[in-house]
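Just below is one structure, and these are the notes that go with it.
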Amino acid sequence: MSGRLCVGCHLSTAGGYAHMGRTAVGLDATTFSFFTRNPRGGNAKALDPDDVAELRATMRAHDFGRLVAHAPYTLNLCSATPATVEFARRAMAEDLARMESLPGNYYNFHPGSHVKQGADRGIELICEGLNQVLEPGQATVVLLETMAGKGSEVGRTFEELAHIIDGVQHDELLGVCLDTCHVSDGGYDVAADLDGVLAEFDRVIGLDRLRALHLNDSKNPVGSRKDRHEKLGQGHLGWDCFGAIVRHPFLRTLPMILETPNELDGYAAEIAQLRMLAGEDVQPAAESAPSSVGGTAQACAKKGDA
Ligand SMILES: [Zn+2]
Ligand SMILES: [Zn+2]
């Protein structure tokens, strides 16, 4: 693979797929994430083959890594309401069928909230759903996202994620997406002990399951179970944590998605800073971006040098 980080941010699908690709290139991103459907809307639009073909050409031309599509937050495979479970299964199956026209990428989802049924019943329902939805030979690997443990969320602990994987027949189609804000809020201190957290992940789940990262700082201290994302370097994780991640020999090979509270210029600055921390020559992309981008990047570089 190329030596550059595969890093990008969450983008709006409003302008179509090719448009997301062009936006990503403008941010010096080499991956991105997007919602596979409107969280509130029922039906998802069919993909326009020309639009998808243009995105795929952009990805090839600019050496993109895998994309990390995101299922809507509202899907809940382990709801206590059967109709909600049924909708989640149908929506996931449809999303995965549509992603066959964009093969070789990831589909990330929140395992769900068990709403008073207990984590064991939640895990059972999630496994049932995945066993129904996953098609052997499909071109998309489905990622379970590590959760903060807000409310009755399943997937806060590595043990819960391991139990889900154990209960799925076609587990070759499953991986994990580690969200730095969520794991920290969930009680894993990635800021103070990144290697320790990875060792624990390896012991419980196996590091080969780790396929993508959501890079978010956290507004709250470790163990808070809040799930409030913060801009990189402005929360409880700090730039040292993200620097360690982009220099880590294994983590630096994974797609990294920013879901920080930013507009596009803020994302461009964070991507540039991550590339700098990884030791890359950062292209003067900042010149074409609003002036605040260069300012932020310089301020961060100074801090990093000190
Ligand atoms: Zn998520
Ligand atoms: Zn996330």
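Within region 48-75, restricting attention to residues that are part of a loop (DSSP other than H, G, I, E, B) and under 15 Å from the mean Cα position of the chain (by Cα), which residue is surrounded by the fewest Cβ atoms within 10 Å (Cβ to Cβ)?
Y73
Suppose the filter is surrounded by 15 or more Cβ atoms within 10 Å (Cβ to Cβ), among the β-branched types (V, I, T), more than 19 Å from T31 (Cα to Cα) and at pLDDT 95 or above; does V85 pass it? Spell out how you get there, then give the answer.
On the way: surrounded by 15 or more Cβ atoms within 10 Å (Cβ to Cβ): yes; among the β-branched types (V, I, T): yes; more than 19 Å from T31 (Cα to Cα): yes; at pLDDT 95 or above: yes.
So V85 fits the description; yes.
Taking region 241-283 as the region of interest, how many residues are within 16 Å of ligand 2 (Cβ to nearest atom), part of a loop (DSSP other than H, G, I, E, B), more than 16 Å from L178 (Cα to Cα) and touching a residue at least 60 places away in the same chain (Cβ under 8 Å)?
Residues meeting the conditions: 1.
Any idea how many residues of region 106-122 are more than 16 Å from ligand 1 (Cβ to nearest atom) and buried (at least 23 other Cβ atoms within 10 Å of the Cβ)?
The total comes to 2.
Does A93 meet the test of being in contact (Cβ under 8 Å) with a residue 40 or more places away in the chain and surrounded by fewer than 21 Cβ atoms within 10 Å (Cβ to Cβ)?
For A93, the condition - in contact (Cβ under 8 Å) with a residue 40 or more places away in the chain and surrounded by fewer than 21 Cβ atoms within 10 Å (Cβ to Cβ) - is met.
Any idea which of (1) small (G, A, S); (2) touching a Gly at 6+ places or on another chain (Cβ under 8 Å); (3) in a loop (DSSP other than H, G, I, E, B) is the one G122 doesn't satisfy?
(3)
Can you give me the number of residues within region 76-119 that are farther than 13 Å from V142 by Cα and outside any loop (DSSP other than H, G, I, E, B)?
So the count comes out to 15.
From N105, N131, which residue is more than 16 Å from ligand 2 (Cβ to nearest atom), modelled with pLDDT of 95 or more and under 19 Å from the mean Cα position of the chain (by Cα)?
N105
So E230 clears everything in (1) farther than 19 Å from N108 by Cβ; (2) away from ligand 1 (no atom under 16 Å from the Cβ); (3) not small (G, A, S) except one condition, right? Which one?
So E230 meets the others, but not (2).
Quick test for you: out of E145, E172, pick the one residue that is more than 13 Å from ligand 2 (Cβ to nearest atom) and acidic (D, E).
The unique qualifying residue is E172.
Counting only residues that are buried (at least 19 other Cβ atoms within 10 Å of the Cβ), within 17 Å of the chain's Cα centre (by Cα) and more than 16 Å from ligand 1 (Cβ to nearest atom), which one in region 252-267 is farthest from S218 (Cα to Cα)?
The extreme case among them is R252.
Let me confirm something: among A199, A191, which residue is within 19 Å of H248 (Cβ to Cβ) and either touching a residue at least 40 places away in the same chain (Cβ under 8 Å) or within 16 Å of ligand 2 (Cβ to nearest atom) (or both)? Quick ask: steps written out before the conclusion?
Values: A199 fails: either touching a residue at least 40 places away in the same chain (Cβ under 8 Å) or within 16 Å of ligand 2 (Cβ to nearest atom) (or both).
Result: A191 is the single residue among A199, A191 that is within 19 Å of H248 (Cβ to Cβ) and either touching a residue at least 40 places away in the same chain (Cβ under 8 Å) or within 16 Å of ligand 2 (Cβ to nearest atom) (or both).
State which residue is farthest from A29 (Cα to Cα) when the search covers only region 227-242 and only residues that are surrounded by fewer than 19 Cβ atoms within 10 Å (Cβ to Cβ) and within 18 Å of the chain's Cα centre (by Cα).
Here is the first cut: in region 227-242, the ones surrounded by fewer than 19 Cβ atoms within 10 Å (Cβ to Cβ) are 228, 230-231, 234, 236, 238-240.
Of the ones still in play, those that are also within 18 Å of the chain's Cα centre (by Cα) are 228, 230-231.
Details: R228: 24, E230: 20, K231: 17 Å.
Taking the candidates together, the pick is R228.
Please work out if A162 is surrounded by 21 or more Cβ atoms within 10 Å (Cβ to Cβ), touching a Gly at 6+ places or on another chain (Cβ under 9 Å) and among the small types (G, A, S).
no
The values are calculated or read from the model by the stated rules, or taken from the named source; none is laboratory data. This structure is a prediction, so every number in the text was calculated from the model and none was measured. Please note: Cβ atoms are built from the backbone with ideal geometry, for glycine as well, and neighbour counts cover all protein chains shown.
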